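*Asks:* Provided herewith is a single structure, encoded as structure tokens, for subsequent inquiry.
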Amino acid sequence: MSPWVINTVYLLLCVSLILAFARLVRGPSLPDRVVALELIASITVGLIIVYAIHHGMAYFIDVALVLALTGFMAAVGFARYLERGGSRDE
Amino acid sequence: MSEFFTAFFLLVGAAFVLIGALGVVRMPDLMLRMHTTTKAGALGGGLIAVAAAFYFPEAGVIVRSMAILAFVVLTAPIAAHIIGRAAYFVGVPLWDRTLVDELKERLDTKEHRLYSQKLEDPPSANESDRHGD
């Protein structure tokens, strides 16, 4: 894999991670933060796959698969917590 | 040739993820933010998984990449749906230039039920702060 492609992809994903983190810090309500967390989980899945391609280690794909599963579970848990009562602001 | 496809899918996927992250910062309202993360973010993650399938020519890796792709594409709409539903019940304010809010007169936020006809007297519990911000 040519290095400039890997570096460009790392750069794009890191900028997206910073932008999502800005929304996580600023987000006026709790659902905004949940959406930002979900985006951070999917960016991290992408970063792990790019790392696996960069270093040629195929078994890191398993980590990305597990992380994708866990991110969905976290979203479901947060939504259930919001809908069945819980702190409504922040 | 597989090198070219790997680079192409990696770059396009990362660009889509960046567009999704840009939208989550710039959009004015929770529903619009969710629209960018769900569509652009999920498509970007899926394309990066496809790039891994092109790079490692082994059956196990291809199956795992396709599993990640299917899982991301299947669960992103479900997660967005349940978060949007919970946020609407909580009363997250919509954008002040929102034109139509059909759920306001059809969704009973007390009983957690959705009706196909308009309600007789729409619940006015959090109607006042619905269009804040």
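*Asks:* If I go through the stretch A:19-30 residue by residue, how many of them are modelled with pLDDT of 90 or more and facing chain B (nearest Cβ under 8 Å)?
*Replies:* Summing the residues that are modelled with pLDDT of 90 or more and facing chain B (nearest Cβ under 8 Å) in the stretch A:19-30 gives 4.
*Asks:* From the list A:L12, A:L19, A:L39, A:L47, which residue is in a helix (DSSP H, G or I) and either in contact (Cβ under 8 Å) with a residue 24 or more places away in the chain or surrounded by fewer than 19 Cβ atoms within 10 Å (Cβ to Cβ) (or both)?
*Replies:* A:L47
*Asks:* If you don't mind, another one. Just name the residue that is nearest to the other protein chains (Cβ to nearest Cβ) out of those in the stretch B:24-52 that are open to solvent by 30 Å² or more (accessible area, probe 1.4 Å) and among the basic types (K, R).
*Replies:* Checking each candidate, the answer is B:R26.
*Asks:* Among (1) more than 10 Å from chain A (Cβ to nearest Cβ); (2) of a type outside the set (S, T, Y); (3) crowded, with 20+ Cβ neighbours inside 10 Å, which single condition is B:A7 missing?
*Replies:* (1) is the only condition that B:A7 fails.
*Asks:* In addition: Considering only the stretch B:78-92, I want to know if a residue exists there that is more than 10 Å from chain A (Cβ to nearest Cβ) and either crowded, with 18+ Cβ neighbours inside 10 Å or on the phi < 0 side of the Ramachandran plot (or both).
*Replies:* Among the residues of the stretch B:78-92, not one is more than 10 Å from chain A (Cβ to nearest Cβ) and either crowded, with 18+ Cβ neighbours inside 10 Å or on the phi < 0 side of the Ramachandran plot (or both), which makes the answer no.
*Asks:* Let me ask something additional. Would you confirm, using the coordinates I've provided, whether A:I6 is under 21 Å from B:A52 (Cα atoms), more than 7 Å from chain B (Cβ to nearest Cβ), in contact (Cβ under 8 Å) with a residue 12 or more places away in the chain and part of a helix (DSSP H, G or I)?
*Replies:* Criteria met by A:I6.
*Asks:* Here is a further query. Tell me the helices (runs of 4 or more DSSP H) entirely within the stretch B:30-117 that contain at least 3 residues that are within 27 Å of A:C14 (Cβ to Cβ) and within 19 Å of the chain's Cα centre (by Cα).
*Replies:* It comes to B:30-36, B:42-55, B:59-90.
*Asks:* Restricting attention to the stretch B:29-82, which residues are touching a residue at least 60 places away in the same chain (Cβ under 8 Å) and among the charged types (D, E, K, R)?
*Replies:* B:D29
The values are calculated or read from the model by the stated rules, or taken from the named source; none is laboratory data. Just so we're clear, the structure is a prediction, and the values are computed from it rather than from any experiment. Please note: Cβ atoms are built from the backbone with ideal geometry, for glycine as well, and neighbour counts cover all protein chains shown. Surface accessibility is based on the protein's heavy atoms, side chains included, excluding ligands, DNA and RNA. Shrake-Rupley method; radii C 1.70, N 1.55, O 1.52, S 1.80 Å.
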